[in-house]
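The values are calculated or read from the model by the stated rules, or taken from the named source; none is laboratory data. The structure presented is a predicted model; accordingly, all values stated were derived computationally and were not measured. Note: ideal-geometry Cβ built from the backbone for every residue, glycine included; neighbour counts use all protein chains shown.
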Amino acid sequence: MRPTDLAGWWRTTAFRITLLHLALTLLGTVALSAVAWWATTGFALRQLAQEVERDTGVLLQSARLGGAPSAALSIEARLGADRSGTQFYLLAAPDGRRLAGNLATAPRSPGWERLQVAGGGVAAEALALGTPLPGGGFLVVGRDVAPVRQLEGFLLSAAGWVGGAALLLGLVGGGLVGRGVTRRAAAMDAALARVEAGEIGHRLPIRAGRDEFDQLAGRINTTLDRLQGLMATLRQVTDDIAHDLRTPLNRLRQRLEAALRTAQDEAAWRAATEGAIAECERLLDIFAALLRIAQVESGARRAAFAPFDLSAVAETVAEVHAPAAEARGQRLETDIAPGVTVLGDRDLVTQMLSNLLDNAVKHGRAGGRIVVTLSPAAILAVADDGPGIPPESRGAVLRRFHRLDAARATPGTGLGLALVSAVAELHGIGLSLEENAPGLRVRLAFPGGPDGRSGGI
């Protein structure tokens with residue numbers, strides 16, 4: 001279901017982001033409101049208690065100086081000046097008689113109490129402090145907590161408004177965030193749908209911000225580029241196979257047709273059969289080389305990588321090709337540093353070097369010179385003094401079945417350098433075709449030399 005489908009909105013990541021944003025906003029609002037409630041009402045109650053304590057201290061001082069009558073006068077004076085009716089007092093004699101104050105009864109235990117006071121038909125709650133008097137008697141001083149309750153009501157109302165505003169802002173903010181996520185996901189979905197429909201060159205949009213969506217889009221675009229390249233290579237390989245196999249198949253058919261028309265005796269049939277078998281062997285060699293290249297490019301052989309002596313491999317391959325070079329009057333020279341060890345597939349590297357030397361022998365100048373070098377930094381080179389390869393064709397010869405016009409007169413399938421390129425890519429080897437003036441020099445820079453750095457071109 002597409003993210004733009006409203007019926008499935010609740011299933012989308014955008015909805016979950018909105019819901020999470022709203023929940024976090026409400027949780028933060030509740031936490032801030034609770035802190036504000038505790039700090040504000042607690043401060044108001046402490047202020048009220050300090051007022052009670054100060055008043056109690058003044059009345060106790062009056063009782064010490066002038067006795068109970070002095071304290072009673074002070075209480076009456078305070079009640080007369082109290083226009084708000086929030087002050088409560090009780091001065092009791094040692095026998096319990098009320099001497100002054102507006103409280104009819106009050107606890108006689110010292111300390112803080114919450115009193116329910118009824119006066120004028122209105123019930124009130126008071127915060128009171130009871131204190132024994134010197135020489136007997138009891139004093140109670142209280143204050144109405146209605147202002148604190150009013151403050152609490154105001155805070156509740158404010159918290160409701162703030163909570164509503166936070167809910168609204170949370171919905172709007174979450175909706176905007178969710179809409180942004182939905183639009184980015186929809187754009188990526190639409191781009192991929194175009195690729196799926198056949199527009200293989202289309203790519204996902206990437207903004208300048210380079211956020212996580214842009215990074216994901218970049219990775220997907222890189223993957224699509226890789227797939228497009230593989231598809232192009234596959235089409236090229238298919239075309240090359242169709243083109244290059246047509247010739248040997250036509251030769252095979254012509255040999256068989258000629259034998260069918262003209263062969264009259266066993267010798268003629270034998271010659272035709274041997275020619276057909278030779279063409280079949282060439283076709284089988286082509287398919288075997290293609291399968292080997294496909295196996296290398298799949299990366300399956302990477303699991304078998306192990307350290308091996310590259311110097312020994314180079315010496316062995318040079319010795320194997322020395323007779324072929326001598327047959328063409330060529331001098332095969334080596335300058336191989338001993339004990340160079342690299343990580344890789346020994347058999348594949350051996351095949352790669354064998355292909356390079358085979359090309360050097362076939363396409364190098366008859367009576368010329370072939371040089372194989374290996375430096376301690378794991379850089380191997382094969383050089384000849386033949387016609388070489390023009391700079392503009394050096395990339396093309398690494399493709400399957402590509403052969404230069406000058407090389408078409410010599411036997412070959414056009415897959416030797418393609419296998420070299422595949423093995424080099426599998427091992428991370430820097431492969432370059434260079435001018436040898438005259439001739440061609442193929443340079444292989446193996447990773448992991450003695451200096452610990454990867455080899456490069």
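For segment 363-382, what are the residues that are charged (D, E, K, R) and assigned to a strand (DSSP E or B)? Don't jump to the end; show me each part of the working.
Applying the first criterion (charged (D, E, K, R)) to segment 363-382 yields 365, 369.
Listed by number, the list holds a single entry, 369.
Quick check on segment 410-420. Is at least one of its residues within 44 Å of the chain's Cα centre (by Cα), surrounded by 23 or more Cβ atoms within 10 Å (Cβ to Cβ) and at pLDDT 85 or above?
Yes - at least one qualifying residue is present in segment 410-420.
Which residue out of 18, 29 is touching a residue at least 12 places away in the same chain (Cβ under 8 Å), under 54 Å from the mean Cα position of the chain (by Cα), surrounded by 15 or more Cβ atoms within 10 Å (Cβ to Cβ) and farther than 30 Å from residue 185 by Cα?
On the way: 18 fails: farther than 30 Å from residue 185 by Cα.
After applying the criteria, what remains is 29.
Look at segment 311-342 and say how many of its residues are small (Gly, Ala, Ser), free of Cβ contacts under 8 Å to residues at least 60 places away in the same chain and assigned to a helix (DSSP H, G or I). First the steps, then the outcome.
Here is the first cut: in segment 311-342, the residues small (Gly, Ala, Ser) are 311-312, 314, 318, 322, 324-325, 327, 329, 337, 339.
Those still in the list that are free of Cβ contacts under 8 Å to residues at least 60 places away in the same chain too: 312, 318, 322, 324-325, 327, 329, 337, 339.
Next, only the ones that are assigned to a helix (DSSP H, G or I) stay: 312, 318, 322, 324-325, 327.
Going through segment 311-342 one residue at a time, the tally reaches 6.
List the residue pairs whose Cβ atoms are under 6 Å apart, where the first residue sits in segment 192-218 and is within 20 Å of residue 178 (Cα to Cα), the second is loosely packed, with under 14 Cβ neighbours inside 10 Å, and the two are 6 or more positions apart or on different chains.
Going by the 6 Å Cβ cut-off, the qualifying pairs are 214/207.
Per-residue answers, yes or no, for (1) in a strand (DSSP E or B); (2) within 60 Å of the chain's Cα centre (by Cα):
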residue	(1), (2)
70	no, no
73	no, no
83	no, no
89	yes, no
115	yes, no
125	yes, no
141	yes, no
154	no, yes
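Which condition number in (1) surrounded by 14 or more Cβ atoms within 10 Å (Cβ to Cβ); (2) under 30 Å from residue 50 (Cβ atoms); (3) at pLDDT 80 or above is the one that residue 187 fails?
Result: residue 187 passes all but (2).
Only one of these is at pLDDT below 80 and outside the structural domain of residue 49 (by TED's automatic domain parsing): 173, 96, 135, 121. Name it.
Details: 96 fails: outside the structural domain of residue 49 (by TED's automatic domain parsing); 135 fails: outside the structural domain of residue 49 (by TED's automatic domain parsing); 121 fails: outside the structural domain of residue 49 (by TED's automatic domain parsing).
So the residue among 173, 96, 135, 121 that is at pLDDT below 80 and outside the structural domain of residue 49 (by TED's automatic domain parsing) is 173.
Failed condition for residue 51, given (1) under 30 Å from residue 183 (Cβ atoms); (2) of a type in the set (D, E, K, R); (3) at pLDDT 80 or above, with all others met?
If we test residue 51 against (1) under 30 Å from residue 183 (Cβ atoms); (2) of a type in the set (D, E, K, R); (3) at pLDDT 80 or above, just (1) comes out false.
Can you work out which of the residues in segment 121-157 that are under 14 Å from residue 105 (Cα atoms) and of a type in the set (Val, Ile, Thr) is surrounded by the most Cβ atoms within 10 Å (Cβ to Cβ)?
Once the filter is applied, the top-ranked residue is 141.
Can you tell me which residue within segment 60-115, out of those that are β-branched (Val, Ile, Thr) and closer than 14 Å to residue 138 by Cβ, is surrounded by the most Cβ atoms within 10 Å (Cβ to Cβ)?
So in segment 60-115, the residues β-branched (Val, Ile, Thr) come out as 75, 86, 105.
Filter once more, so that each one left must be closer than 14 Å to residue 138 by Cβ: 75, 105.
Working: 75: 23, 105: 12.
So, considering only residues that are β-branched (Val, Ile, Thr) and closer than 14 Å to residue 138 by Cβ, the one surrounded by the most Cβ atoms within 10 Å (Cβ to Cβ) is 75.
Is it the case that residue 353 is modelled with pLDDT of 90 or more, part of a helix (DSSP H, G or I) and touching a His at 6+ places or on another chain (Cβ under 6 Å)?
Values: modelled with pLDDT of 90 or more: yes; part of a helix (DSSP H, G or I): yes; touching a His at 6+ places or on another chain (Cβ under 6 Å): no.
Against the criterion (modelled with pLDDT of 90 or more, part of a helix (DSSP H, G or I) and touching a His at 6+ places or on another chain (Cβ under 6 Å)), residue 353 does not qualify.
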